[in-house]
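Asks: Shown below is the structure under consideration.
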Amino acid sequence: MSYRVWMAAVALLAVAAAAQARPLPADVPTSHWAASSVATVLDRQVMDAPSGKFGGNQTVSRAQLITILARFARSLQAGKWKGSRAAGVAPAKRSAGWRKQPVTRYEVAVVLARMGSYVARGIPVTSQTIVGESVALPPAARPEGVGLTATQRADLDYLVGMRMVWDGSPFSANLKAPVTGADLSTALVQLVAGLNDQVTDEPQNREEPGPRRGPEIRRPAPRR
């Protein structure tokens, strides 16, 4: 292959890659600290940008998080995060009250972009082996889902069916409330544990055996 032909092929590939790349929403500057994460979650259809705007400074309700996490779980199962790398973010000071503070869409995007990469590397989501449900995980919760749209209700049913929602989940009540740092942390722990249960045999699918006991020996009652 001549040098010119090789260069032409490289140029065509570059143009094709640029055409497939999803442009950032109009309200997310390329220099924004979460820009890379926003592009990542949009590309994997975990979050969206209605009317071309991401609304990154808006808070997220628990009902909205249901759909975001259902999309996140499905994208992991579909292998969309394979080979991805965690997006780098500038170091930030952790707020002392982060557990109670509402999180923004920017913050959710950054967390999911990093989690997606970590989970894809740690869990073999492409496994075709069917494993049983682990007794080590709590039983799935049955939230009422009051006030949800039909789509949100279906997404909640999916998460429950995959054992990604347990007692103590932020989706158990007050679904109009803004998601806090503690809510997001709890929901992600349950999601990842449920996904791990679906595709691996960890946690073990049996109860831990107790100490071995020898055969019971019955002694005759003493004579009187």
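Asks: With respect to Q58, determine if the residue is at pLDDT 95 or above and surrounded by fewer than 17 Cβ atoms within 10 Å (Cβ to Cβ). Write out each step before concluding.
Replies: Working: at pLDDT 95 or above: yes; surrounded by fewer than 17 Cβ atoms within 10 Å (Cβ to Cβ): yes.
So Q58 fits the description; yes.
Asks: How many residues are over 15 Å from Y158 (Cβ atoms), among the aliphatic types (A, V, I, L, M) and assigned to a loop (DSSP other than H, G, I, E, B) if we restrict to the range 41-81?
Replies: Here the count works out to 3.
Asks: I'd like to check something: does the range 88-107 contain any residue that is more than 17 Å from I66 (Cβ to Cβ), among the hydroxyl-bearing types (S, T, Y) and modelled with pLDDT of 80 or more?
Replies: Within the range 88-107, one or more residues are more than 17 Å from I66 (Cβ to Cβ), among the hydroxyl-bearing types (S, T, Y) and modelled with pLDDT of 80 or more.
Asks: Before we move on, is Q45 within 16 Å of M115 (Cα to Cα), modelled with pLDDT of 95 or more and surrounded by fewer than 17 Cβ atoms within 10 Å (Cβ to Cβ)?
Replies: Working: within 16 Å of M115 (Cα to Cα): yes; modelled with pLDDT of 95 or more: yes; surrounded by fewer than 17 Cβ atoms within 10 Å (Cβ to Cβ): yes.
The answer is yes for Q45.
Asks: Of everything in the range 163-177, what is assigned to a loop (DSSP other than H, G, I, E, B) and either of a type in the set (A, V, I, L, M) or at negative phi (or both)? Give them in sequence order.
Replies: M164, V165, D167, S169, A173, L175, K176, A177
Asks: Moving on. Give the number of residues within the range 134-162 that are small (G, A, S), within 25 Å of V199 (Cα to Cα) and not in a helix (DSSP H, G or I).
Replies: Step one: list which residues in the range 134-162 are small (G, A, S), which gives 134, 136, 140-141, 145, 147, 150, 154, 161.
So of that shortlist, the ones also within 25 Å of V199 (Cα to Cα) come out as 134, 136, 140-141, 154, 161.
Remaining after also requiring not in a helix (DSSP H, G or I): 134, 136, 140-141.
So the count comes out to 4.
Per-residue answers, yes or no, for (1) modelled with pLDDT of 95 or more; (2) within 22 Å of P102 (Cα to Cα); (3) over 13 Å from the mean Cα position of the chain (by Cα); (4) of a type in the set (D, E, K, R):
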position: D167; (1), (2), (3), (4): no, yes, yes, yes
position: S172; (1), (2), (3), (4): no, yes, yes, no
position: A177; (1), (2), (3), (4): yes, yes, yes, no
position: G181; (1), (2), (3), (4): yes, yes, yes, no
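Asks: OK, next. Do we have S84 as in a helix (DSSP H, G or I), modelled with pLDDT under 95 and of a type outside the set (D, E, K, R) here?
Replies: Numbers: in a helix (DSSP H, G or I): no; modelled with pLDDT under 95: yes; of a type outside the set (D, E, K, R): yes.
No: the conditions fail for S84.
The values are calculated or read from the model by the stated rules, or taken from the named source; none is laboratory data. Since the model is a prediction, treat every value here as computed from it, not as a measurement. Note: ideal-geometry Cβ built from the backbone for every residue, glycine included; neighbour counts use all protein chains shown.
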